[in-house]
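Asks: Take a look at this one; I'll ask things after.
None of the figures in this text is laboratory data; all of them are computed from the coordinates on show. These figures come from a predicted structure and were not determined experimentally. Ideal geometry is used to build each Cβ from the backbone, glycine not excepted, and the neighbour counts take in all protein chains shown.
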Amino acid sequence: MPPSPERPLATYEDLGYRDVFWAARRYEDACDRVAVRALLPPGGDRLIEVGAGFGRLADEYRGYREVVLLDSSEVHVTSARESLAGDPRFNVVLGNACALPYPDGHFDAAVCVRVLHHFADPAPMLAELGRVVRPGGVLVLEFANKRNLKSIARRVLGRQRWSPFGPGSVAYKPFHFDHAPMSVRRSLRRSGFSIESLRAASLFRLPALTRRLPVSLLVGLETLLQAPLGSITPGPSVFLRARRSR
């Protein structure tokens, strides 16, 4: 995870995020991978993943000649370095998502998954991604969706004061923010990106479903629905592919 003025660094300074959080979320992990495989070009020269954590998605980047995995957690960076030590294509870096240590236009592709929800304002980080991605390069971005069905239902039932359809972000718990799709679009445009594709993800992220139904069944349904529901964005997570303007 990249650092954020809103998030205490201690939040991700142990391997519980790897060994507890993700160990119990096979469905969500599979959904992320479905989206990344659909949106990310299969190969290229240089790729950076910002907020790569312990390297959960590293095996999705087989087609790239050089891969930088950047994170702000020393524990996760150490874990990723250990697990990827045998692959010279990977460079695991401790760094700041809002001050990337690379020149302009250095990367063909960038990936940023489950990171934006730690920032109340996504604009500075997206601007930095726009700086390091070359003209014509792509960004695969995920964000927590303010305009999801659960929030809409809570608003209609009078159990939620804020509108899911308004701009900006809202904190759904300390240091975690849902973002309005319109606001993310605006920040991407200002950073030089044009959105090419949208996918709605984690559509069945309900304990009543994930505990009772086979993960393979839920992922199969998700695979069919991510793209058709992309423009509607009903799920808690949105993935997109954006291209850096030439």
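Asks: With the structure loaded, tell me whether Ala153 is surrounded by fewer than 24 Cβ atoms within 10 Å (Cβ to Cβ), of a type outside the set (S, T, N, Q) and within 24 Å of Gly166 (Cα to Cα) or whether it fails that test.
Replies: The answer is yes for Ala153.
Asks: Answer yes or no as to whether Val75 is β-branched (Val, Ile, Thr), over 21 Å from Arg243 (Cα atoms), touching a residue at least 60 places away in the same chain (Cβ under 8 Å) and in a helix (DSSP H, G or I).
Replies: yes
Asks: Of the residues Leu229, Leu198, only one is of a type outside the set (Gly, Ala, Ser), touching a strand residue (DSSP E or B) at 6+ places or on another chain (Cβ under 7 Å) and in a loop (DSSP other than H, G, I, E, B); which?
Replies: That would be Leu229, the only listed residue that is of a type outside the set (Gly, Ala, Ser), touching a strand residue (DSSP E or B) at 6+ places or on another chain (Cβ under 7 Å) and in a loop (DSSP other than H, G, I, E, B).
Asks: Go through the range 55-64 residue by residue and tally those that are small (Gly, Ala, Ser), crowded, with 16+ Cβ neighbours inside 10 Å and part of a loop (DSSP other than H, G, I, E, B).
Replies: The qualifying residues number 1.
Asks: Report every pair of residues separated by at least 6 positions or lying on different chains whose Cβ atoms are under 8 Å apart, first residue within the range 185-208 and under 19 Å from Gly168 (Cα atoms) and in contact (Cβ under 8 Å) with a residue 60 or more places away in the chain, second exposed (fewer than 15 other Cβ atoms within 10 Å of the Cβ) and of a type in the set (Ser, Thr, Tyr).
Replies: Listed by first residue and then by second, the contacts come to Leu188/Ser194; Phe193/Ser245.
Asks: Same structure, new question: Any idea which residue in the range 123-150 is surrounded by the most Cβ atoms within 10 Å (Cβ to Cβ), counting only those that are outside any strand (DSSP E or B) and of a type outside the set (A, V, I, L, M, F, W, C)?
Replies: The residue in question is Lys146.
Asks: Output the residues belonging to the range 29-54 that are over 12 Å from the mean Cα position of the chain (by Cα), farther than 18 Å from Phe107 by Cα and crowded, with 23+ Cβ neighbours inside 10 Å.
Replies: Residue satisfying the conditions is Phe54 alone.
Asks: May I ask you to list the residues in the range 190-212 that are over 18 Å from the mean Cα position of the chain (by Cα) and closer than 17 Å to Ala127 by Cα?
Replies: Once the filter is applied, which keeps residues that are over 18 Å from the mean Cα position of the chain (by Cα) and closer than 17 Å to Ala127 by Cα, the range 190-212 yields Arg190, Gly192.
Asks: Moving on. Could you check the range 97-122 and list, in sequence order, the residues that are surrounded by 16 or more Cβ atoms within 10 Å (Cβ to Cβ) and not in a loop (DSSP other than H, G, I, E, B)?
Replies: Passing the criteria: Phe107, Asp108, Ala109, Ala110, Val111, Cys112, Leu116, His117, His118.
Asks: Is it the case that some residue within the range 160-179 is within 17 Å of the chain's Cα centre (by Cα), assigned to a helix (DSSP H, G or I) and either within 30 Å of Arg246 (Cβ to Cβ) or without any contact (Cβ under 8 Å) to a residue 60 or more places away in the chain (or both)?
Replies: no
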